[in-house]
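Everything on this sheet refers to the single structure shown next.
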Amino acid sequence: MSIKSDKWIRRMAEEHGMIEPFEPGQIKSVDGQKVISYGTSSYGYDIRCADEFKVFTNINSTIVDPKNFDPQSFVEVSGKGFCLIPPNSFALARTVEYFRIPRQVLTVCLGKSTYARCGIIVNVTPFEPEWEGYVTLEFSNTTPLPAKIYANEGVAQVLFFESDEDCDVSYRDRQGKYMGQSGVTLPKP
């Protein structure tokens, strides 16, 4: 298994639609305004967060249960260009980019250092072979202060690993429950 370079990422995105929309370079400003960078990097792709958030709230005093998650535990926020996450809380969002992962590829996604240095943890599970969809992102605010997440700017970096052989059973083969997700997707039992 080997990590893939910017050349491989560009080729796979352009020839196979692996990432849409795709930015072949590294964007650091838009219309003269600095942004948290996104697009192709040396050995990865910096993904963006869409302007569609679900912020966790405890107004219903419910239990957080991954087998029986209460969707009323979230408040929806969109259209502001950012999201404020309360202290010691979290929010879910989705990527701007839609991914189609090839059968011989596995990805690992790590939060960008700009957010990590502010006490904001970006958590994303691996994109498995033949998974496709918008990625659901989780932002944890570990600080005692509100934290701001910017929409349409970089939030995490995806690293692509290609195997020398195809897997026996892909995410598509086993009909994974998060296949083809189109928005912010809550836990499914």
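The values are calculated or read from the model by the stated rules, or taken from the named source; none is laboratory data. Note that the structure is predicted; figures quoted are calculated from it, not measured. Virtual Cβ from ideal backbone geometry, glycine too; neighbours counted across all protein chains shown.
Observations
- Qualifying residue in segment 95-108 (condition: assigned to a helix (DSSP H, G or I) and surrounded by fewer than 19 Cβ atoms within 10 Å (Cβ to Cβ)): no
- The residue that is surrounded by the fewest Cβ atoms within 10 Å (Cβ to Cβ), among those in segment 132-163 that are among the small types (G, A, S), in a strand (DSSP E or B) and under 14 Å from the mean Cα position of the chain (by Cα), is S140.
- Considering C83, C118, the condition of being crowded, with 20+ Cβ neighbours inside 10 Å and modelled with pLDDT of 95 or more is satisfied by C83 alone.
- Residue count for segment 109-131, restricted to those that are within 17 Å of A50 (Cβ to Cβ) and not in a strand (DSSP E or B): 4.
- Scanning segment 66-79 for residues that are out of contact with any Asp or Glu (no Cβ under 7 Å at 6 or more places or on another chain) and either of a type in the set (A, V, I, L, M) or not in a helix (DSSP H, G or I) (or both) yields P66, K67, N68, F69, D70, F74, V75, E76, V77.
- Among residues of segment 1-40, those that are part of a strand (DSSP E or B) and touching a strand residue (DSSP E or B) at 6+ places or on another chain (Cβ under 8 Å), counted: 15
- V55 passes every criterion in (1) under 25 Å from S163 (Cα atoms); (2) outside any loop (DSSP other than H, G, I, E, B) apart from (1).
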